[in-house]
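The values are calculated or read from the model by the stated rules, or taken from the named source; none is laboratory data. In this text, all values refer to a predicted model and were calculated from it rather than measured experimentally. Note: ideal-geometry Cβ built from the backbone for every residue, glycine included; neighbour counts use all protein chains shown.
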Amino acid sequence: MYVSTSIKARSEIFNNRNPTLIELKNISLYYSNENNGLPILDNINLQLEANDFVCLLGPSGCGKSSLLNILAGFQKPTTGEVMINDKPHTGPSPNVGVVFQHHNLFPWMTIEKNIEFGLKMKSISKSERKRLVSYYLNLVGLESSAKMLPYQLSGGMKQRASIARTLATDPQAILMDEPFSALDALTRENMQIHLLELWKKTRKCIFFITHDVEEALLLGKRILVMHSKPGRIIVDLQNPLSQYNQSVQKIKHLKEFNELRHDLISAIRGYSKANN
Ligand SMILES: Nc1ncnc2c1ncn2[C@@H]1O[C@H](COP(=O)(O)OP(=O)(O)OP(=O)(O)O)[C@@H](O)[C@H]1O
């Protein structure tokens with residue numbers, strides 16, 4: 001297994017500084033025997049804290065989405081267990097919201113109705129729903145698009161609406177599977193800035209899958225790297241850049257940003273070379 005020494009030096013095992021929200025205990029996953037008999041996920045142990053912002057990197061097919069599906073309760077692991085607030089998590093839960101690569105807004109509903117939908121499911125009163133919809137529209141900067149239908153919005157606006165809809169139901173954790181990868185570069189950068197602001201305001205636990213090392217460095221308080229065959233977490237890094245209160249552009253020009261970028265790419269690429 002390849003992991004650069006400097007990444008190793010910077011990595012640390014987390015000693016729960018905040019309460020653990022989600023815990024994966026000895027998780028393994030087999031879909032079938034197709035993976036040369038190897039598990040897709042092999043004995044994964046992971047703790048996500050209440051206000052973590054965790055970015056997960058890894059080569060295509062290493063099992064990132066499978067791990068997210070297990071965290072979401074969509075997929076049952078073959079062995080091991082998932083705990084939320086110290087209780088077994090065996091299926092989808094209102095405590096865990098998910099935002100996918102492509103928005104899943106209802107196309108026939110206006111943006112405000114889309115955001116209101118989950119609140120209705122929770123039997124929240126009409127007046128409280130109105131207040132919450134207005135609050136979350138404002139939070140993601142879509143007040144003036146409340147009455148529009150999804151097709152009338154740009155890609156970035158649709159993703160902001162999806163995030164608002166997920167946030168409105170007040171989950172403790174939000175899982176995001178490459179949510180910005182279908183957006184153009186400029187919109188993507190704006191969304192990254194926006195998501196960081198949202199996280200600072202809400203301090204929800206965010207678990208964010210990306211292929212983009214720079215995106216992970218700009219967003220993650222903590223960065224994980226997975227390898228495959230079998231799927232394991234081989235880097236668990238506390239991102240030193242997350243403590244700098246500087247603009248995205250300034251952070252990108254720091255020497256440390258480029259060093260970490262290089263180290264993370266080497267960790268991912270080193271694995272690919274060893275396995276191809
Ligand atoms: N439902 C399924 N049934 C069988 N095999 C599956 C299923 N879902 C995923 N796989 C296989 O499991 C492996 C991991 O897939 P997964 O989508 O979790 O990887 P990933 O890291 O998210 O990939 P990518 O970065 O390309 O999205 C792949 O070999 C994939 O073909």
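Which residues, counting only those in segment 27-57, are of a type in the set (G, A, S) and either under 21 Å from T79 (Cβ atoms) or at pLDDT 95 or above (or both)? If you could, list the steps in order and put the result at the bottom.
We begin by selecting, within segment 27-57, every residue of a type in the set (G, A, S); these are 28, 32, 37, 50.
Of everything in segment 27-57, those that are of a type in the set (G, A, S) and either under 21 Å from T79 (Cβ atoms) or at pLDDT 95 or above (or both) turn out to be S28, S32, G37.
Pick from L254, L167: which is crowded, with 20+ Cβ neighbours inside 10 Å and either of a type outside the set (D, E, K, R) or farther than 30 Å from K25 by Cβ (or both)? Walk me through how you get there before you give the answer.
Details: L254 fails: crowded, with 20+ Cβ neighbours inside 10 Å.
After ruling out the rest, the residue left standing is L167.
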Among the listed residues R188, R131, R160, which satisfies the condition of being outside any strand (DSSP E or B) and over 21 Å from S247 (Cβ atoms)?
R131
Assess whether I223 counts as being closer than 20 Å to I115 by Cα and part of a strand (DSSP E or B).
no
Any hit, segment 203-217, residues being modelled with pLDDT under 90, loosely packed, with under 14 Cβ neighbours inside 10 Å and away from the ligand (no atom under 16 Å from the Cβ):
yes
Unique residue being near the ligand (Cβ under 9 Å from one of its atoms) and touching a residue at least 12 places away in the same chain (Cβ under 8 Å) when the list is L71, L67, L46, L38
L67
Would segment 56-64 turn up any residue that is part of a strand (DSSP E or B), under 28 Å from K201 (Cβ atoms), within 12 Å of the ligand (Cβ to nearest atom) and in contact (Cβ under 8 Å) with a residue 60 or more places away in the chain?
yes
Take P77 and decide whether it is within 16 Å of the ligand (Cβ to nearest atom), touching a His at 6+ places or on another chain (Cβ under 9 Å) and in the same structural domain as H227 (by TED's automatic domain parsing).
no
Using beta carbons and a limit of 6 Å, which pairs, at least six apart or on different chains, have the first residue in segment 126-152 and within 20 Å of M191 (Cβ to Cβ) and touching a residue at least 12 places away in the same chain (Cβ under 8 Å) and the second one surrounded by fewer than 20 Cβ atoms within 10 Å (Cβ to Cβ) and of a type in the set (D, E, K, R)?
L137/E143
Checked against (1) within 30 Å of K158 (Cβ to Cβ); (2) in a loop (DSSP other than H, G, I, E, B); (3) in contact with a Lys or Arg (Cβ under 6 Å, 6 or more places away or on another chain); (4) within 16 Å of the ligand (Cβ to nearest atom), N51 satisfies every condition except (4)
In the list L119, L67, which residue meets the criterion of being surrounded by 15 or more Cβ atoms within 10 Å (Cβ to Cβ) and either outside the structural domain of T202 (by TED's automatic domain parsing) or modelled with pLDDT under 90 (or both)?
L119
